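The values are calculated or read from the model by the stated rules, or taken from the named source; none is laboratory data. Please read these numbers as outputs of a predicted model, since none were measured by experiment. Methodologically, a virtual Cβ is constructed for each residue, glycine included, from the backbone with ideal geometry; neighbour enumeration extends over all protein chains shown.
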Amino acid sequence: MIVVIGASYTAEYGVKGLYENTLGRVTEWLSSGESGKPQTAEDRYIQTCAQEYAAFIHATPWYEFPFAQKLREFWAQSGPAEGSRLRSWERTFGFTLELGFKTVWGGLIRKSSQAAYDPEDQVI
């Protein structure tokens, strides 16, 4: 399990780093306003989700995070368009791919883990 999770994290951060330092960097540069950073609703939601995920994995395996729910919440956002439309589309594309993949991959890891190990006690 350690090998699978280690390989998963390596692949995830490799792909994410490549994406963010190419397409993400270009849309950030093209859409930078006065603050120097793009400010879209998508940027803010992604940041909030990342903070929730970071707090979550301190006590719970990563694959238990509700990726599918977060993707539904992300797509349910409504409100006036703000910031660069290009940046908004790029963030929507990238985050949808990320959460969609993590939903599927996390589900597979969860099933594999449950087949091999007993559920961990939440209170010791």
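Each residue in region 78-96 was checked for being modelled with pLDDT under 85 and surrounded by 11 or more Cβ atoms within 10 Å (Cβ to Cβ), and 3 pass.
For THR60, the conditions (1) closer than 20 Å to LEU108 by Cα; (2) polar (S, T, N, Q); (3) modelled with pLDDT of 90 or more all hold with the exception of (3). Among the conditions (1) surrounded by 15 or more Cβ atoms within 10 Å (Cβ to Cβ); (2) among the hydrophobic types (A, V, I, L, M, F, W, C); (3) at pLDDT 95 or above, the only one that ALA41 does not satisfy is (3).
Being among the aliphatic types (A, V, I, L, M), exposed (fewer than 14 other Cβ atoms within 10 Å of the Cβ) and at pLDDT below 85, is that true of even one residue in region 97-104?
In the first step, residues of region 97-104 are kept if they are among the aliphatic types (A, V, I, L, M); the result is 97, 99, 104.
Right, trim to exposed (fewer than 14 other Cβ atoms within 10 Å of the Cβ) and you get 97, 104.
Imposing the further condition that a residue be at pLDDT below 85 reduces the set to none.
Looking for residues that are among the aliphatic types (A, V, I, L, M), exposed (fewer than 14 other Cβ atoms within 10 Å of the Cβ) and at pLDDT below 85, one finds none in region 97-104, hence no.
Restricted to region 46-90, and to residues there that are within 10 Å of the chain's Cα centre (by Cα) and in contact (Cβ under 8 Å) with a residue 24 or more places away in the chain, the residue that is nearest to TRP29 (Cα to Cα) is ILE46.
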